[in-house]
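In what follows, a structure is listed as structure tokens, so that the remarks can point back to it.
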Amino acid sequence: MQRRSVLKLGSLGLMSGFFTSSLLGANTKNLIGFEQIAISTDDDFKVAKGYSAKVLVKWSDPIFSHAKKFDESKNIDDDYVKNANFVFGDNADGQKYFAINGSKEGLLVTNNEYVNPELMFNHNGKNMSANDIKYQQNSLGVTILNIKRDGSNFYKYKIYSKYNRRINANTPILITGEAKGDDALKTATDPKGELVFGTLNNCGCGKTPWGTYLTCEENFDDFFGSKDSKFMPSKRFERYGIKAKGGVYAWHLFDDRFDIKATPNEANRFGWVVEIDPFDPKSMPKKRTSLGRFKHENCEVVVDKFDNVVAYSGDDENNEFVYKFIAKNKFDRTNLKANLDILEFGTLYVAKFEGEFGEFKGRLKWIELTFGKNGLTKENGFISQADILIRAREAASFVGATPMDRCEWISKDPNSEFLYATFTNNKVRQEVDAANPRAKNKYGQILKWAPKNGDHANGDFAWEIFILAGNPKIKDGLYKGSNNINLNNMFNSPDGLAFDKDGRLWIATDGSYSNTGDYEDMGNNQLLCADPYSGEVKRFATGPRACELTGIAFSDDYKTMFISVQHPGEELKGSHWPEGGSHTPKSAVVMITKDDGGIIGA
Ligand code: FEO
Ligand code: CA
Ligand code: CA
Ligand code: CA
């Protein structure tokens, strides 16, 4: 079996007969025009020759005129807690550019996923106070920034702009869709189950064809716990990782909203995709419950040629699933505003990846998660559609979805009907299958799938592995990776993923940066570029110490790339990036431009 698998890996990255038509018209020549760079273990952001990189904005930078600068003494008084609402949030993650005037001026909407107490506080998170909790709550969420080109392809952000906005853990957000008003979403402060405060753990994102931003709630369980550490959470909470013990944030010790015993339904109000209209600073964000509740990585919206609006989203947890949502209404091409609430209602499906082990490809079936179908009935413990959406993981397990190796970002190839998706790793996998072929998978893989005839709602889907990451220096068999991985381009834990308009596939990593053992010669986390047709992979940039690279985004002319450098120096691993000296390391958005003013990557 092992031998056969290795042989068949030779064909990875090439299209099978099923997809021959999708190859036509694709320009595969010289897609990647830069010279690959070496790995790095330095505390620096490095990019390929002929390119330059610059920080646009970092955690704590004032985005309103009255805001105060970062206080290196970290004295978290009342004023400083409030100030966190007027500065760029922590842990920059997914982001998208929204044009106001083409690429000259626009809005950059960036997720601020979480906070690092070990870097944020003098006590390194070991002695939290009520003020510290409020400070954290104000430091995460989403930041909307009005940015303008400075005469080059770099941008500066405006401090005086009506668009600049912070959305945090206390911003009022509407609950919409099929689960709105459900009993499991009601709390004492919101007896109707229609309004929630805040969005949490905003990881990946999406940009809709109607001009809104989707922010995806991922590891929300980290923010919940109970003062009663012996309290036993229900099975439905366990499935989402919610424990009475709580995590490092300690919000439950000071804020009853995050105590699962005191406010038992609050945790049901997180784990959703949230839609934001960045051009209307007064608009209330909306949680789109019909897309299901899980640890959403990102949300890739596709409008197919039949005007189906389809949203793909993965659940980033070991052995969880991949989902797709089909909106009830068809896309309105003549009036984009008519689509503003199109994600409110529709049908949710979960993926079953079929195939023979060792083939690295197969059929992809989508199983409907609708009350009354596929055994999702009262007899089997599901009481309504809202119940199925709130407990999407349990429903997906019940119908026999394929447990995956932690789905991260999903992105559509502009030249074909393929969606590509990163599966970062799954160190606890025991049983292997066609789509997840390695036990104790430390390296991750990239899969792709597409529907025949381009019908993302009803088409017959097939899938294939595009890249198996691995370490060919020290491993054999499947752990050395697919044939397009070599000693010079190897990496682990692909996470951020985005196509540019020409069809280059950009891959950011969030993996081990130990550079030893299984990860020897992989260095710091990195940004790579792949040609989806030839399978070629080259390293484009490397991040500073103990960071993750994520949030790949582009200006409309693709001459500026934005990338988030998240948590440099996490766990006190000795980074001082980007300011150097003895400064606290800070997550930041970096811009990359080509020195000759050209398209990034060309
Ligand atoms: Fe927030 Fe799965 O990364
Ligand atoms: Ca991620
Ligand atoms: Ca990750
Ligand atoms: Ca992250």
The residue that is most open to solvent (accessible area, probe 1.4 Å), considering only those in segment 415-438 that are touching a Pro at 6+ places or on another chain (Cβ under 9 Å) and more than 16 Å from ligand 2 (Cβ to nearest atom), is GLU431
What number of residues within segment 105-122 are closer than 24 Å to ILE76 by Cα and within 16 Å of ligand 1 (Cβ to nearest atom)? 6
Test each condition in (1) crowded, with 24+ Cβ neighbours inside 10 Å; (2) more than 16 Å from ligand 2 (Cβ to nearest atom); (3) over 24 Å from ASN436 (Cα atoms); (4) not aromatic (Phe, Trp, Tyr) for ASP502 and report the one that comes out false. (1)
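Given the options GLU464, GLU431, name the one that is more than 25 Å from GLU217 (Cα to Cα) and assigned to a strand (DSSP E or B).
Testing whether each residue is more than 25 Å from GLU217 (Cα to Cα) and assigned to a strand (DSSP E or B) leaves just GLU464.
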Would you check if ALA450 is more than 16 Å from ligand 1 (Cβ to nearest atom) and in contact with a helix residue (DSSP H, G or I) (Cβ under 7 Å, 6 or more places away or on another chain)? yes
Could you say which residue among ASP90, ASP79, ASP132 is touching a helix residue (DSSP H, G or I) at 6+ places or on another chain (Cβ under 6 Å) and either part of a helix (DSSP H, G or I) or among the acidic types (Asp, Glu) (or both)? ASP90
Please verify whether segment 478-489 includes one or more residues that are under 29 Å from GLY597 (Cβ atoms), within 21 Å of the chain's Cα centre (by Cα) and either within 16 Å of ligand 4 (Cβ to nearest atom) or open to solvent by 10 Å² or more (accessible area, probe 1.4 Å) (or both). no
Evaluate segment 109-121: report whether one residue or more is of a type in the set (A, V, I, L, M), out of contact with any helix residue (DSSP H, G or I) (no Cβ under 9 Å at 6 or more places or on another chain), open to solvent by less than 30 Å² (accessible area, probe 1.4 Å) and away from ligand 3 (no atom under 16 Å from the Cβ). yes
Out of all the residues in segment 561-585, which are more than 16 Å from ligand 3 (Cβ to nearest atom), under 24 Å from ASP150 (Cβ atoms) and crowded, with 24+ Cβ neighbours inside 10 Å? MET561, TRP577
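The values are calculated or read from the model by the stated rules, or taken from the named source; none is laboratory data. Please read these numbers as outputs of a predicted model, since none were measured by experiment. As a convention, Cβ positions derive from the backbone with ideal geometry for all residues, glycine included, and neighbour counts pool all protein chains shown. Note: accessible area is taken over every heavy atom of the protein model, side chains too, but ligands, DNA and RNA are not part of it. Shrake-Rupley method; radii C 1.70, N 1.55, O 1.52, S 1.80 Å.
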